[in-house]
Structure formats: structure tokens, C-alpha cells
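As C-alpha cells, the structure follows; a few thoughts come after it.
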Amino acid sequence: MLTIAKTITTAARIIAGVVGLAALLLLCFEVFARYFFPSILPDWGAEITIYLTIWALFLVAGELALNGGHVHADFVVDRLDDKWKQRLGILAAAAGLVFSVIFLWYGYEVVAFAHMIGEEGDSTLRFPKWIYYLALPVGMALQCLGYLAYILSGGATGEDHGHTAAISD
């Protein structure tokens, strides 16, 4: 399970990088065109940049869950012994899994509703919004996979979580 989760989350991270790069290039084009060639500036550039950025962010959710990269309070936990750190890590992952399943379900409902009513973006592109909204359930499915693999591995994903202490001991 852990190997499959690592493979899927790594592939999602690579795709997120490509999607993020596309957003960055589109944004650079928008800035360049705004100042030098305003007549070729599309009205959909900002809209698509937002869509791509959101997709890139949600695509890395699974890897963050698997590797313990989500924001968490570790001021007290870092002072416990390794056995308790592992137990609390698994408990936090279980809570994260429940949260992710709930958002996966509601995300699916939002996508289904937007698809049913044919919701589209405001620009001349008329981009179907359900594709944009689909980032939430996809990201939550990846996050569920990450948390589940973390829990099933007993909190031993083989990753160095690289906790950086904000306050030195």
C-alpha cells in the first residue's frame, strides 16, 4: 500500500509541477501583454491561472498527508518520546482521514451539481466550472490515500519529515 501511495503521490506532484508551471507562464504572458500589447490580452487569462493554481495545490495534498507535511502543532509533541509521537501522529492522521472523506463527499456533490446546472466561467472561454470544482474531490481522494497509507504503515513512511523547530530548544 505504501509503495502504491508513494507512486501515485509522486506522479501527482509531477503533474502539479507542470500545471503550476503552466499557470506561471500564463501569468507572465498576461503581465507582458498588459504592458506591451494590451490588444491581445485575453479576458480569460486570470480565470485560467486561478483554476490551474488551485489544481496544482490540491494535487499535492496526498503527498503532504503521506509525508506529514501538512501544518500541524508540534510544540508539545516534539518533546515526547518516539513511541508517543508515533501514536499521536497516527491519531492525527485518522482525524485527517475523516476530514478528507467528508470533504471528498461534499466535493463530489458540488461537482455533480455544477455539472447538472451547466455552470460556466465568466469569461468568453465559458469554461465548465465542474472541472475547476473537481480539484477538491481529487485532492481529497489523494489526501485520503496519503493518510490511509500513513496509518497502515504505522506512521513509518520512511520519510524524514524535516521538522524545523520555530523555537530552539
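Structure data summary
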read-out: Mean Cβ count within 10 Å, highest first, over the residues of peptides 141-150, 5-14; value: 141-150, 5-14
read-out: Within-12-Å neighbourhood charge of Ala23 [Cβ basis; K, R +1; D, E -1]; value: -2
read-out: Formal net charge of residues neighbouring Met116 (Cβ-Cβ distance under 15 Å; K, R +1; D, E -1); value: -2
read-out: The chain, Rg to Rh (Cα coordinates; Rh as Kirkwood inverse mean 1/r); value: 1.08
read-out: 222 nm mean residue ellipticity, helices alone, for the chain (DSSP H n ≥ 4; -39,500 (n - 2.57); rounded to 500); value: -23500 deg cm²/dmol
read-out: Cβ-based exposure ranking for Thr3, Thr53, in which fewest neighbours within 10 Å come first; value: Thr3, Thr53
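Taken together, the values in this text are just the output of simple stated rules run on the coordinates, not laboratory data. Keep in mind the model is a prediction, meaning the values are calculated, not measured. Cβ atoms come from the backbone with ideal geometry, glycine included; neighbour counts cover every protein chain shown.
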